[in-house]
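For reference, the structure is listed below as structure tokens.
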Amino acid sequence: MPARQISEPPFAPELEAIAIAADQRLRAEVDGSEQDLSDRQHAVMQAASTAIAAGISLGAVADAEQIGQARARRELGSELLRRVERTARRSREAQAEYEQTVARAARLGLAHRDIAAAAQIAHGTIRAIITRVSDATTQPASNAAAEAHHEPEQHDDSNPPRPDAAQH
């Protein structure tokens, strides 16, 4: 079944009402307001009922709803993607600060169990964070640059590690 092309031809007033209601319903869904979402869904159904009673086909009603949703996505999408980028950056920065703080507490000599209790996480997680921070700070600059660009490391296979060396 071929997909319908969603474009915005001149609308009958009933179809424009559906498009506006669908736009507002999607915005309410994005905002997470359950009551507003319910009200907006009811408005979409009411507009669709009015259009059908006026003799407009179900296909045209469905197209108008899709056009309304597409409007909301166009208007909200780029701003929400920018927010995602900013929030992800802040999250990474906060995570790095958190890990550095845990490592500082360990270097100060605080008990790992006390650090874990303060962070409300498992004792083993503290050890993993300390190891990760320690590994990140002792890495050669070339390996850090390779990881920053997500390039695989170059390994020298001329001296493979001994099997018994990994057990120590």
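The values are calculated or read from the model by the stated rules, or taken from the named source; none is laboratory data. None of these values were measured; they are calculated from a predicted model. No Cβ is skipped: glycine too gets one built from the backbone with ideal geometry, and neighbour counts run over all protein chains shown.
Of the residues examined, GLN66 is one that is in contact (Cβ under 8 Å) with a residue 40 or more places away in the chain and not small (Gly, Ala, Ser).
Results for (1) under 21 Å from SER134 (Cα atoms); (2) among the β-branched types (Val, Ile, Thr); (3) modelled with pLDDT of 95 or more; (4) assigned to a helix (DSSP H, G or I), shown as yes or no for each residue.
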| site | (1), (2), (3), (4) |
| --- | --- |
| ILE52 | no, yes, no, yes |
| ILE56 | no, yes, no, no |
| ARG74 | no, no, no, yes |
| LEU80 | no, no, no, yes |
| VAL84 | no, yes, yes, yes |
| ARG89 | no, no, yes, yes |
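Of all residues in the range 47-91, those being exposed (fewer than 11 other Cβ atoms within 10 Å of the Cβ) and among the hydroxyl-bearing types (Ser, Thr, Tyr) number 4. Scanning the range 1-28 for residues that are modelled with pLDDT of 90 or more and closer than 13 Å to GLN69 by Cβ yields ILE18, ALA19, ILE20, ALA21, ALA22, ASP23, GLN24, ARG25, LEU26, ARG27, ALA28. Would you confirm whether or not the range 39-46 contains a residue that is out of contact with any His (no Cβ under 6 Å at 6 or more places or on another chain) and surrounded by fewer than 11 Cβ atoms within 10 Å (Cβ to Cβ)? For the range 39-46, residues out of contact with any His (no Cβ under 6 Å at 6 or more places or on another chain) and surrounded by fewer than 11 Cβ atoms within 10 Å (Cβ to Cβ): absent. The residues in the range 113-161 that are among the aliphatic types (A, V, I, L, M), part of a helix (DSSP H, G or I) and either touching a His at 6+ places or on another chain (Cβ under 7 Å) or at pLDDT 55 or above (or both) can be counted, and the count is 11.
Of all residues in the range 106-135, those that are under 19 Å from ARG92 (Cα atoms) have Cβ atoms under 9 Å from Cβ atoms of residues that are surrounded by 11 or more Cβ atoms within 10 Å (Cβ to Cβ) and of a type in the set (Phe, Trp, Tyr), 6 or more apart or on another chain, in ALA119/TYR98; ILE129/TYR98.
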